Amino acid sequence: MDITLTINGERRTLPLEDPRVTLLDALRQHLDLPGTKKGCDHGQCGACTVMLNGRRINACLTLAVMHQGDEITTIEGLGTPEALSPLQAAFIRHDGFQCGYCTPGQIVSATAMLAEFREGWPSNVSNDLSAPRLDDEEIRERMSGNLCRCSCYPNIVDAIRETAESVA
Amino acid sequence: MRPFTYTRAEDAAAALAAGGRFIAGGTNLLDLMKLQVETPDALVDINHVGLDAIAPEGEGLLVGALVRNADLAADPRVRRDWPLLSRAILAGASAQIRNRATTGGNLLQRTRCPYFYDLDTPCNKRQPGSGCSAQGGFNRTLAILGASEACIATFPGDMPVALAALDAEIRIDGPNGARTLPAAGFHRLPGDTPERDTNLEPGELITSVALPAPTGGRQIYRKVRDRRSFAFALVSVAADVVMDGGTIRQARVALGGVAARPWMLPEAQALLDGQPPSAALFGRFADRLLAGAKGHGENDFKIPLARRTVIAVLTEATGGDAA
Amino acid sequence: MSEPITFKRHLRMNTPEKADFFDQTAQGVLSQPLDRPEGKLKVTGTASYADDVHPPETAYGWFVRAPIAKGWVTGLNTAELRAMPGVLAVIRDDRMIMHPAQGQQGKSPPQGPSEVFYAGQPVALVVAETFEQARDAAQAARPELIDRSDKAALKLPLDDYETPKSKQAAQGDLDKAMTEAAFAVDQVYETPSMSHSAMEPHAAVAWWDDGKLTVRGSYQMLKTNVAELADALGISARKVRILAPYVGGGFGGKLGISHEAVGAAIAAQRLGRPVAIALHRRNVYEATHRRSESRQRIRLAAGADGRLAGIGHEAWVSSMFGDSFSEPVTQASPFTYAGENRVIGHHVARLNLTAPGSMRAPGEAIGVPIVELAMDELAQAAGLDPVELRLRNIPDEDPSTGKPFSSNRLEDCLRQGAERFGWADRPEPGARREGEWLIGMGMASAVRVNTLEPSEAAIILLPDGTARVETDMTDIGTGSYAILTQIAAEALGLPVERVTTVLGDSDLPPSSGSGGSFGAASSGSSVLLAAQALRAQLAERMGCDADEMTLKDGQAIAGNRTRALPDLLAGDTLRGEGAIDPGATSQTVRQATWGAQFAEVAVSTVTGEVQLRRLAATFACGRILNPKTARSQCIGGMIFGIGSALTEHVAHDPRDGHFVNRDLAEYHVPANLDVPKIDIAFLPDRDAHANPMQAKGIGELACCGTAGAIVNAIANATGKRFREFPVTLDKVLAALG
């Protein structure tokens, strides 16, 4: 069966002979978008984070066939080497990565996280559920679904905080 | 992952008629299917059947089964009146998973017992009659309460622990019509049928979860785990405590991470009613709640951990100093 | 482009560098916090890792694993699997390897799909048209087994160890020193098995072209990886090319070739089409390397003034059958602290578990923190401040060999680190409380041996005055692209924008590879030497001596003459080739890197949970080539230490040897919320014996000591000692009572 979905603003048709294909493998193997990484394939690392209709999800834990008509944003849709998004530029400035493998997931996740924060969503470390403040502890908790074994966490937090402040 | 047929249901009736395993968020089901712990022949995608609204119902709130965890936790009404539910959801998994996982699906999350996940080893929950490898094995995360010879698995989730403490009701539709189950009675203890996690019958669909009127009590969810975030509970405590001046009018307390279901004991809660808070009272309550608790070696620590955490949470909920 | 004219420079490091070359250069880009030149690719998802590019017609492989820890696989339901949809081949080939190659092994590990040494060992490979078909068919595989699990060795034994003579040492009489000591510590400690858990699973995409094999792989040391793969396949190394332009983390877990490289090569050969194998995360845990568990006995004998008269450090570790590697736990103990009586012991047990191998700072990563726990206990027993105890025991020379230190900055690190951290504010044990939380501070020395490995590089200076650095060095996140670019730019007087660095292709000059913290120093030195070869030629064209010439901003300046490089090159392409070899300076002095680490923790009296409040470290590790990437390396190393102290533990079921927590949900690498603010300081430092750049290793030093500082902080917070890593909340609860 064919499914049609919008990826990074572009309408794409994905021929699917096998419903077992995850959204992650569809992106990487069928749609030539290998920027989204596979770290664990079980939703345990966040390397495959993409946005589904504006919300960050693990692309490994959903089937491509379930996304007829959906809008997907991957790392390739956020910026290019010639036109970086503010977060992408901040990750470079703050050295928010080393090996770079978790980085697309971190950046997509952080992009969506800032949107969640702007909507007023609380987190597990929010003292006040109704009015969370984006301090470092909040950023750390909200980004804990993205593991980084090079352990650039402090730099990731710096990059996100700076971007949040400059956007705000 | 075994091959399966895929059907997208456009409404609940079509989903019920389709015959097959329902998939919503898929965050646990696909994880298990990739490992062939779950091998459904047919998947019925229920993401488009509706059931995704949060609406007032009397003084309570009716939460559709397809409401995503993240939306439920962020709902202003939930944050204001049932903060325990927000807190429990936010303590679970990662933001990415909460954006996809659903209210109904979270109730149906399966155990994280490592032997359930390991097809090479016996597991009565996965393969009835094959044995339990967790006893005598790595059982750090497993049950101290309500376990059986057959199985010591725990229910790993957070949200359902809060739902139990909040006295929520699970609404179900199915081939034999609609019915309801209390959240505290939704999951089953293993007994000699550990393969059945819940009291949901084959073919039934969770349609919604109903929250009763808020108690106005002090609500706390405390989750204790091996990593500060993105880890399953070793022990969690959900508490909703209503004070009346200097005494406890009503307290509902559920434990997570210690049994195959959120662990509540009405007769233990009765100990608290009408009493002034004190360390001794909370100690008696915890002892009653944990009566019969049994460790399996590696998880022995959960008994004192649960006791201490319960006492700390009740102390905090009644306005005392947790220390 | 004109045919390049080649100039070579080779250096064997036999004598210390008298002059510091980089003190004379003018470009000013070295030691600057340059952003990673490959950063734009990494943040946009356009840096291509091993499994990111599949040539047309690529088929997919998935390994069948042994379900037993010991025995033989005698057959497989091959016919059944072959009949499954899309299945192209079911392969059991004598060339398949049993476990990955160790770092710098240079030849194949043991081979064959039959004998089983650990549960999860790959024993067959299923290849199918699609990833989904391959996975399904491999999961349907039913190996026929001779199960000898009952004879398997599944945990460290009480005795029955190999005690290799070369790894034991003794001087003086430690027993006597212990008896006569005013203060003594004699304790046994345990550290768990750990996993590298790089975010990129091991992956290989292989194809053959006219008898020549190309593998896109995720490996750290291409020169030896080529030799290992060629040996495994029984072909000439000249027929093997490995491409690894980006490696998604290594930490020692990708030093040698692994199952997927050999499997993909065999399958691609058999099928005549490209084959991709990306290991499932479970395979990564079960079938690639892990860090050995250890039992360590530490004996410290001190006089009334806290000066050490004796040190004993004995370690018991595990190793794979027939393998030469075993975690060199005691590596720094011969020289870190003074003491005339000393026992170093190393004992190895062979276990039927996932093969142990090198993981970030093999040896010191788990040996140093344990010594530092014992030192903390000694400080308390002697009534001395822990920093002061270390200061009193810094030796003037290597106390085991009498050789001088090339540089020993431990005292500076301790003093400045303590000041920077605010160590003076350390509470009495168990005395500081905030609500339910006990607050404590701890510290540890950090030390790691420093080495140099043979390495080669080329720099091609093009007629337009731009340069291209070429070496088969890898960048596994360490910053190789950045620092090699900076070294070449500095040495050639070029803005960094005019230097391109090409790495990760085994057809390029063979480097040290990434490992043992020698990568930057070794490959960097070869780039420097290549640049110096070019400088000599440029000076000749300027008609002056090389040291009379300044290169800056693409211009050569000598006296009052200035010429732009394109003018000087006059259409020529110059190729500088540099080669460094270790020499006498690796033998005549004791080389090491130094640091002091500090931690502040909060420990819950309710739950036993430990939360880190802050970490700080001061390091001395030679010239810092790029403070930004160096700092990241240190942060990363220290967070490895957090995992070691608090969360990480590979669990093999002692009943059957199964790897219990073989996923990222249950093997707990630290998450973002686990990590507090980390303060890093580098001391200005040079080491003339190390290499011509006077730079040293960084990324491993940082994880040597951290866990000790954290666990000592827990001891300070609670007043209780913890002698088994990781310090999980159950252990804290048990101690708190």
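Taking into account only those residues within the range A:103-130 that are in a helix (DSSP H, G or I) and open to solvent by 10 Å² or more (accessible area, probe 1.4 Å), which is nearest to the other protein chains (Cβ to nearest Cβ)? Here the answer is A:GLU116. When the range C:709-732 is limited to residues that are over 18 Å from C:ASP674 (Cβ atoms) and in contact with a helix residue (DSSP H, G or I) (Cβ under 6 Å, 6 or more places away or on another chain), the one that is least open to solvent (accessible area, probe 1.4 Å) turns out to be C:ASN712. C:ALA230 meets all of the listed conditions (1) free of Cβ contacts under 8 Å to residues at least 40 places away in the same chain; (2) under 20 Å from C:TYR49 (Cβ atoms); (3) of a type outside the set (Lys, Arg) but one, namely (2).
Look through B:LEU211, B:LEU166 and report the one residue that is open to solvent by less than 60 Å² (accessible area, probe 1.4 Å), within 26 Å of B:ASP11 (Cα to Cα) and away from chain A (no Cβ under 14 Å).
Details: B:LEU166 fails: within 26 Å of B:ASP11 (Cα to Cα).
Exactly one of B:LEU211, B:LEU166 is open to solvent by less than 60 Å² (accessible area, probe 1.4 Å), within 26 Å of B:ASP11 (Cα to Cα) and away from chain A (no Cβ under 14 Å), namely B:LEU211.
Anything in the range A:53-75 that is surrounded by fewer than 21 Cβ atoms within 10 Å (Cβ to Cβ) and facing another protein chain (nearest Cβ under 7 Å)? List them, or say none. Answer for the range A:53-75, where residues must be surrounded by fewer than 21 Cβ atoms within 10 Å (Cβ to Cβ) and facing another protein chain (nearest Cβ under 7 Å): just A:ARG55.
List the strands (runs of 3 or more DSSP E) that sit entirely inside the range B:1-117 and contain at least 2 residues that are within 11 Å of chain A (Cβ to nearest Cβ) and at pLDDT 95 or above.
Working: elements: B:5-8, B:21-23, B:42-45, B:54-57, B:60-64.
Ranges flagged: B:5-8, B:42-45.
Residues that are surrounded by fewer than 24 Cβ atoms within 10 Å (Cβ to Cβ), more than 10 Å from every other protein chain (Cβ to nearest Cβ) and not acidic (Asp, Glu) do occur in the range C:637-655. Of all residues in the range C:63-118, those that are open to solvent by less than 30 Å² (accessible area, probe 1.4 Å) and not in a loop (DSSP other than H, G, I, E, B) total 12.
Return the residues of the range B:284-323 that are at pLDDT below 95 and in contact with a strand residue (DSSP E or B) (Cβ under 8 Å, 6 or more places away or on another chain); say none if nothing qualifies. Don't jump to the end; show me each part of the working.
Narrowing the range B:284-323 to residues at pLDDT below 95: B:319-323.
Matches in the range B:284-323: B:GLY319, B:ALA323.
Taken residue by residue, the range C:33-48 has at least one member that is among the polar types (S, T, N, Q), free of Cβ contacts under 8 Å to residues at least 40 places away in the same chain and within 13 Å of chain A (Cβ to nearest Cβ).
Please count how many residues of the range C:158-211 are among the aliphatic types (A, V, I, L, M), part of a strand (DSSP E or B) and open to solvent by less than 70 Å² (accessible area, probe 1.4 Å).
Initial filter on the range C:158-211 (among the aliphatic types (A, V, I, L, M)): C:158, C:169-170, C:174, C:177-178, C:181-182, C:184-185, C:188, C:194, C:198-199, C:203-206.
Then drop every residue that is not part of a strand (DSSP E or B), which leaves C:169-170, C:184-185, C:188, C:194, C:203-206.
Add one more test, that the residue is open to solvent by less than 70 Å² (accessible area, probe 1.4 Å), and what stays is C:169, C:184-185, C:194, C:203-206.
Of the residues in that region, 8 qualify.
Residues in the range A:80-91 include at least one that is within 13 Å of chain C (Cβ to nearest Cβ), touching a residue at least 12 places away in the same chain (Cβ under 8 Å) and either surrounded by fewer than 23 Cβ atoms within 10 Å (Cβ to Cβ) or closer than 19 Å to B:ARG68 by Cβ (or both). Only one entry in C:ALA304, C:ALA264 is of a type in the set (A, V, I, L, M), in a loop (DSSP other than H, G, I, E, B) and more than 14 Å from every other protein chain (Cβ to nearest Cβ), namely C:ALA304. Can you name the residue in the range C:558-604 that is of a type in the set (Val, Ile, Thr) and within 36 Å of the chain's Cα centre (by Cα) and, of all such residues, is nearest to C:CYS413 (Cα to Cα)? Looking at residues that are of a type in the set (Val, Ile, Thr) and within 36 Å of the chain's Cα centre (by Cα), I get C:THR593.
Considered as a group, the residues in the range A:7-32 that are open to solvent by 30 Å² or more (accessible area, probe 1.4 Å) and not in a loop (DSSP other than H, G, I, E, B) include one that is farthest from the other protein chains (Cβ to nearest Cβ), and that residue is A:ARG11. If the condition is being at positive phi and either out of contact with any Asp or Glu (no Cβ under 9 Å at 6 or more places or on another chain) or part of a strand (DSSP E or B) (or both), then the range C:423-459 contributes only C:GLY430. Among the residues of the range C:307-325, not one is free of Cβ contacts under 8 Å to residues at least 60 places away in the same chain and part of a loop (DSSP other than H, G, I, E, B).
Scanning the range A:78-88 finds one or more residues that are within 20 Å of B:ASN99 (Cα to Cα) and either in the same structural domain as A:ARG149 (by TED's automatic domain parsing) or at pLDDT 95 or above (or both). Listed by first and then second residue, the pairs with beta-carbon distance under 7 Å, at least 6 apart or on different chains, first residue in the range B:215-230 and touching a residue at least 24 places away in the same chain (Cβ under 8 Å), second basic (Lys, Arg) and open to solvent by 40 Å² or more (accessible area, probe 1.4 Å), are B:TYR221/B:ARG87.
If the condition is being assigned to a loop (DSSP other than H, G, I, E, B), more than 14 Å from chain A (Cβ to nearest Cβ) and in contact with a Lys or Arg (Cβ under 6 Å, 6 or more places away or on another chain), then the range B:225-245 contributes only B:LEU234.
Scanning the range A:138-148 for residues that are charged (D, E, K, R) and within 10 Å of chain B (Cβ to nearest Cβ) turns up A:ARG140, A:GLU141, A:ARG142. Within the range C:657-697, the residues that satisfy the criterion of being farther than 30 Å from B:ASN139 by Cβ, part of a loop (DSSP other than H, G, I, E, B) and either small (Gly, Ala, Ser) or modelled with pLDDT under 95 (or both) are C:ALA688, C:ALA690, C:GLY697.
Under 25 Å from C:SER406 (Cα atoms) and in contact with a helix residue (DSSP H, G or I) (Cβ under 7 Å, 6 or more places away or on another chain), is that true of C:ASN691? Full working, then the answer.
Details: under 25 Å from C:SER406 (Cα atoms): yes; in contact with a helix residue (DSSP H, G or I) (Cβ under 7 Å, 6 or more places away or on another chain): yes.
The answer is yes for C:ASN691.
Cβ-Cβ contacts under 9 Å between residues 6 or more apart (or on different chains), taken from a first residue in the range C:568-582 that is free of Cβ contacts under 8 Å to residues at least 40 places away in the same chain and open to solvent by less than 10 Å² (accessible area, probe 1.4 Å) to a second residue that is outside any strand (DSSP E or B) and of a type in the set (A, V, I, L, M, F, W, C), are listed as C:LEU568/C:LEU538; C:LEU568/C:MET542.
Looking only at residues in the range C:667-725 that are within 14 Å of chain B (Cβ to nearest Cβ) and free of Cβ contacts under 8 Å to residues at least 40 places away in the same chain, the one that is farthest from A:CYS45 (Cα to Cα) is C:LEU673.
The values are calculated or read from the model by the stated rules, or taken from the named source; none is laboratory data. Quick caveat: nothing in here was measured; it's all calculated off a predicted structure. Here Cβ is always computed from backbone atoms with ideal geometry, including for glycine, and neighbour counts include all displayed protein chains. Each accessible area value is taken on the protein alone, full model and side chains, heavy atoms only, with ligands, DNA and RNA left out. Shrake-Rupley method; radii C 1.70, N 1.55, O 1.52, S 1.80 Å.
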